[in-house]
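A.B. asks: Got a structure for you, questions after.
What follows draws every value from the coordinates through simple rules; no lab data is involved. Just so it is clear, the structure is predicted and the values come from calculations on it, not from any experiment. Ideal geometry is used to build each Cβ from the backbone, glycine not excepted, and the neighbour counts take in all protein chains shown.
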There are 2 protein chains.
Amino acid sequence: MLRAREIARRAAVGQDAAAAELKRSAELISAKDGDVRAFASRPAMLAPGTGPLAGIACGVKDIIDTAGLPTGMGSPIYDGWQPRADAPIVMALKAAGATVAGKTQTTAFAFLDPAPTRNPHELDASPGGSSAGSAAAVAAGMIPLALGTQTGGSVIRPAAYCGVAAIKPSYALLPTVGVKPFSWSLDTVGLMAASADDLGFALAALTGRSDLDASPAELKGLRIGISRQDFAGASDPASDAALKRVADLAASAGAKLVDLASPAALAEAFQAHGPLQDFEAVQALAWEYAEHRASLPPKLRAYLESARATTPRQYDEARRLSRRGRDACRDVFAEVDVVISHAAPGEAPATLASTGDSKFNRLWTLLGTPCATIPLMRGPRGLPVSFQIIGRFGHDDHVIAVAKALEKLVGSIG
Amino acid sequence: MLRAREIARRAAVGQDAAAAELKRSAELISAKDGDVRAFASRPAMLAPGTGPLAGIACGVKDIIDTAGLPTGMGSPIYDGWQPRADAPIVMALKAAGATVAGKTQTTAFAFLDPAPTRNPHELDASPGGSSAGSAAAVAAGMIPLALGTQTGGSVIRPAAYCGVAAIKPSYALLPTVGVKPFSWSLDTVGLMAASADDLGFALAALTGRSDLDASPAELKGLRIGISRQDFAGASDPASDAALKRVADLAASAGAKLVDLASPAALAEAFQAHGPLQDFEAVQALAWEYAEHRASLPPKLRAYLESARATTPRQYDEARRLSRRGRDACRDVFAEVDVVISHAAPGEAPATLASTGDSKFNRLWTLLGTPCATIPLMRGPRGLPVSFQIIGRFGHDDHVIAVAKALEKLVGSIG
């Protein structure tokens, strides 16, 4: 994979060096994207900017507005649609010197109907969703950085399936203005890169928060809670093995591993994700549903038809349970410094017809807590399997620090 | 002014009756808007929908996306800009049977540079801002309902200046998707109408929350806190007289009036509105500032230039103070049922060069509490002067109920 920090270091020599890095990304995209199909549209050329991310070619999920490229939302309803303005997160990329490498494929409106993208590790396996193109483009080594969004598990899951590092930051750390909403209480912009080290580097540059480029955490004495999220259902042996592997590694480095029982309030908050998202998605996609129903893909159409039954009362109750869940989450983080859990049920589905399951991601999206994943190991089918690190709301720096410490232990799955 | 509930009652007879009501609004707009300049664009004809708001011609602030009309943001940068989709709140209007009467003038990007709109009570006086056209169109009796948005005081202030009823509901009660953001933690969609009774009727129809069409509150024994918001600075004698008048009326009806001392946490939260808005506005308008700076109007340009100095640390501190303010606000509402305060410093500015001052509105926008205003009286210059009612977060029904009880006492300034 392409390393963002190394590329930036080489590009810092000057504009020619930055241009050369971008040219390399463009060539890699041209060479590989015929198979992987990670990009929905690309600019004619990649011009270098100035700033800490100069020379970094960044993929931008195709539900994020760009003034210079169409924004198709993964749907024929928006085919060729050209927004007026760049979304603030795109302006932040540019202000930091990065260059938009292209728009990356998304499932339609970031829901479950698959994008055309394929998993670089096995072209007939799912790359996950909804940020499919972003994960696959980084995994295939075309680009060192990509933007995704997560409403259920749309950043962490495709990252785990494709074997890349990713962070879903604390809710609203990165602005969602100019991002097509699905559920505004949940929608969160995240990043994908080759490593947690690269994530910290890029996130600090994008936000002007230098503490996010954190040093690796001291694992000795670190209190790590293990959450199996029983309320979410079963995991595959592959994901169980991944969680055991990282727990053993951390324990061997002196971390204190604690098995967490899930408080009832977290199980209830997990259940609340459904009605919360349902009620908001029906509103967010009201125009598309009313005016272009026949053009919606089948899973999304069926979902919206069913979600319409959600009442204001059910929504209010879901919000109440979310608040209670956030309180319970604070109690959890009084006991442990970070939580580790499954990033996905197992390896990527062996089909392009499913984007997999977000059941192990939804609770944390609802709670707004930062979540990160890093490349860890391979499962029985030879596909990447990983885990996620969850931190306290607003402590994204700590999640990055722990992820960096663990990835040093893990080495690289290459 | 045109009464939404009465119009809906007449229109309920059938499509012809609804069409006749819409035709009347269209004729009133044609007759009056040459002077008032409340509309930025209008459809060729107003076709009736079906639902509780059939026959209601509704103005839509021109920062709210509409698929059938351009959305100009009050700025040449978006001149003729045609969004792809209707914003969810516009779809909610249509689903309830209302008809978009046109896009109402807004100050550029809902900031302080005046819109072309004039105050119907005195054409050389300010209608306020930023939802200038919405307030003026209702005040002039062109339409019975209009959508506005408030980030500081952009719904309540123009409503008070123009002498109409308005509600800025609890934060996020109405969806802001498809509304041009200024500060996403603050931006709130609100309604303007002839009376609190009409507001409750329309808000219930738009949200499917029938409890919002509340009966008038029982004033006898109601605990009403009076907040002069000393931390915000001085009010004019006209606004002081308005607050005294409504307090006396309420007391005469048996309400218990309590002078509230402002806790320090509320004064600090008031101050936090600045950096919170600054940090988000710089991001929300990053593309416009970077690519079209010369086309930004002077107040907004100077504001963004200055706001860029706000650091992530200042923003985080402002968010912390906001949370503390919300805690303090809950304590206030343990003591009183509602709070009354100034809606604006006084009568509308006697100039079209200023939209007035939002200092008495900003705290409540920050706290996310519902605020309503109703027509009350005239000031020394013959312009409307009013007050606002503030309720506990999520208790919009109660604010409407109290507003309805008070407007019964007040009668009409017609």
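A.B. asks: Of the residues B:Val282, B:Val399, B:Val155, which exhibits the maximal mean-square fluctuation in a Gaussian network model of chain B defined by a 10 Å Cα contact cut-off?
C.D. replies: Maximum among the listed residues: B:Val282.
A.B. asks: Limiting things to C-alpha atoms, what are the Rg and the maximum Cα-Cα separation (Dmax) for segment A:296-414, in angstroms?
C.D. replies: When restricted to the Cα atoms of segment A:296-414, Rg and Dmax are 17.5, 49 Å.
A.B. asks: Relative contact order of segment A:4-212, please, whole-number percent, based on alpha carbon pairs below 8 angstrom and at least 6 residues apart.
C.D. replies: Contact order relative to length: 21 percent.
A.B. asks: Starting with the fewest neighbours, write out B:Tyr289, A:Tyr161 ranked by other beta-carbon atoms found within 10 Å of each beta-carbon.
C.D. replies: Sorted ascending by nearby Cβ count, the order is B:Tyr289, A:Tyr161.
A.B. asks: How big is D, in µm² s⁻¹, for segment B:340-399 by Stokes-Einstein at 25 °C and 0.890 mPa s if Rh is the Kirkwood radius over C-alpha pairs?
C.D. replies: Translational D for this selection: 196 µm²/s.
A.B. asks: While we're here: At 7 angstrom along the Cα-to-beta-carbon line, where would the label on A:Ala302 sit relative to the other copies? Give the distances in nm, shortest first.
C.D. replies: Result for A:Ala302, in nm, nearest copy first: 5.9.
A.B. asks: Given contacts defined as C-alpha pairs under 8 Å and at least six residues apart, what's the relative contact order of chain B, whole-number percent?
C.D. replies: Here the relative contact order equals 19 percent.
A.B. asks: When Cβ neighbours within 10 Å are restricted to other protein chains, what is their mean count per residue of peptide A:279-287?
C.D. replies: 6
A.B. asks: At q = 0.15 Å⁻¹, what log₁₀ I(q)/I(0) does a Debye calculation on the Cα points of segment A:4-212 give, no solvent, two decimals?
C.D. replies: Relative scattering, expressed as log10 I(q)/I(0), comes to -0.81.
A.B. asks: Any idea what log10 I(q)/I(0) is at q = 0.27 Å⁻¹ for segment A:92-162, Debye with uniform C-alpha scatterers and no solvent?
C.D. replies: -1.19
A.B. asks: Calculate, axis by axis, the spread of Cα positions in segment A:8-130 along the three principal axes, and write the results as whole Å, longest axis first.
C.D. replies: Sorted largest first, the three principal extents are 43, 35, 20 Å.
A.B. asks: Also, I was wondering about something else. If each residue's Cβ is checked for other Cβ atoms within 10 Å, how do B:Asp396, A:Asp124, A:Asp316 rank with the fewest at the top?
C.D. replies: Listing B:Asp396, A:Asp124, A:Asp316 from fewest to most nearby Cβ atoms yields A:Asp124, A:Asp316, B:Asp396.
A.B. asks: Also: Summarise the partner chain shielding of B:83-92 as one whole number: the mean count of Cβ atoms from other chains within 10 Å of each residue's Cβ.
C.D. replies: Average neighbour count from other chains, rounded to a whole number: 6.
A.B. asks: Further question: What does the charge add up to near A:Ala353, with Lys and Arg as +1, Asp and Glu as -1, over the other residues with Cβ less than 14 Å from its Cβ?
C.D. replies: The answer is -1.
A.B. asks: Compute the label zone of A:Asp240 within segment A:344-380: residues whose backbone N is under 13 Å from the point 7 Å along Cα-to-Cβ.
C.D. replies: Under cut-off, by backbone N: A:346.
A.B. asks: Starting from the alpha-carbon convex hull of chain A, give the projected area averaged over all orientations, in nm².
C.D. replies: Projected area, direction-averaged: 17.6 nm².
A.B. asks: Taking a quarter of the surface of the Cα convex hull of segment A:224-284, what do you get in nm²?
C.D. replies: Value for segment A:224-284: 5.6 nm².
A.B. asks: Something else now. Please report, to two decimal places, log10 I(q)/I(0) for segment B:226-350 at q = 0.11, 0.19 Å⁻¹ as given by the Debye formula with identical point scatterers on the Cα atoms and no solvent.
C.D. replies: With one equal scatterer per Cα and no solvent, log10 I(q)/I(0) is -0.56, -1.07.
A.B. asks: For segment A:210-220, what does the Karplus curve 6.51 cos²θ - 1.76 cosθ + 1.60, with θ = phi - 60°, yield as ³J(HN,Hα) per residue in whole Hz, taken in order and with x for Gly and Pro?
C.D. replies: Result, rounded to whole Hz: 5, 5, 6, 8, 7, 6, x, 6, 6, 7, 4.
A.B. asks: Based solely on C-alpha atoms, express the radius of gyration and the Dmax of segment B:152-238 in angstrom.
C.D. replies: Rg, Dmax (Cα atoms, Å): 15.1, 42.
A.B. asks: Right, here's the next one. Among B:Pro127, B:Val36, B:Thr99, flag the residue with its Cα farthest along the positive direction of the charge dipole of segment B:4-212, charges on Cβ as +1 for Lys/Arg and -1 for Asp/Glu.
C.D. replies: B:Thr99
A.B. asks: Expressed as a whole number of Å, what is the distance separating the alpha-carbon centroids of segment B:196-253 and segment B:1-70?
C.D. replies: Distance between centres, Cα-based: 27 Å.
A.B. asks: List the residues whose amide H sits under 5 Å from the amide H of B:Thr149, counting only those 5 or more places along or on another chain, with H placed 1.01 Å from N in the peptide plane.
C.D. replies: B:Ser131, B:Gly190
A.B. asks: So what's the Cα pair-distance distribution over the protein assembly as shown, bin width 20 Å, in %?
C.D. replies: Each 20 Å bin holds this share of Cα pairs: 16, 48, 30, 6, 0.
A.B. asks: So, one more: Amide H of A:Ala217: which non-local residues (sequence gap of 5 or more, or other chain) have their own amide H closer than 5 Å, using H built in the peptide plane?
C.D. replies: Distant-sequence amide H within range of A:Ala217: A:Val402, A:Lys404, A:Ala405.
A.B. asks: Cβ under 12 Å from A:Val258's Cβ, A:Val258 left aside: what net charge do those residues give with Lys, Arg +1 and Asp, Glu -1?
C.D. replies: Around A:Val258, the surrounding residues sum to -1.
A.B. asks: Can you list, shortest first and in nm, the gaps between the label point of A:Glu317 and those of its counterparts in the other copies, using a point 7 Å from Cα in the C-beta direction?
C.D. replies: 4.4
A.B. asks: Sticking with this one: Which whole-number value in Å³ per residue fits the convex hull of the alpha carbons of segment B:1-72?
C.D. replies: For segment B:1-72, the hull spanned by Cα atoms encloses 100 Å³ per residue.
A.B. asks: Tell me, what ³J(HN,Hα) does each residue in segment B:241-258 have, in order and in whole Hz, if you take phi through Karplus 6.51 cos²θ - 1.76 cosθ + 1.60 with θ = phi - 60° and put x for Gly and Pro?
C.D. replies: Those phi angles translate into 5, 5, 5, 5, 4, 6, 5, 5, 4, 5, 4, 5, 8, x, 6, 9, 8, 10 Hz.
A.B. asks: Let me ask something additional. When chain B is modelled as a GNM with alpha-carbon springs shorter than 10 Å, which of B:Ala87, B:Ala334, B:Ala353 fluctuates the most?
C.D. replies: Comparing B:Ala87, B:Ala334, B:Ala353 in the GNM, the peak value goes to B:Ala334.
A.B. asks: Springs between alpha-carbon pairs under 10 angstrom, Gaussian network model over chain B: which of B:Glu291, B:Glu27, B:Glu268 fluctuates most?
C.D. replies: Result: B:Glu291 has the largest fluctuation of those listed.
A.B. asks: To continue, here is another question. Give me the count of lysine pairs in segment B:4-212 whose alpha carbons sit under 22 angstrom apart, restricted to pairs 8 or more positions apart or on different chains.
C.D. replies: Lysine pairs satisfying the spacing and distance rule in segment B:4-212 number 16.
A.B. asks: Find every distance from the label point of B:Gln15 to the corresponding label point in the other copies (7 Å from Cα along Cα→Cβ) and write them in nm, one decimal, shortest first.
C.D. replies: 6.3
A.B. asks: Put a dot 7 Å past each Cα toward the Cβ at B:Arg378 and A:Ala309; how far apart are the dots in nm?
C.D. replies: About 5.7 nm, to one decimal.
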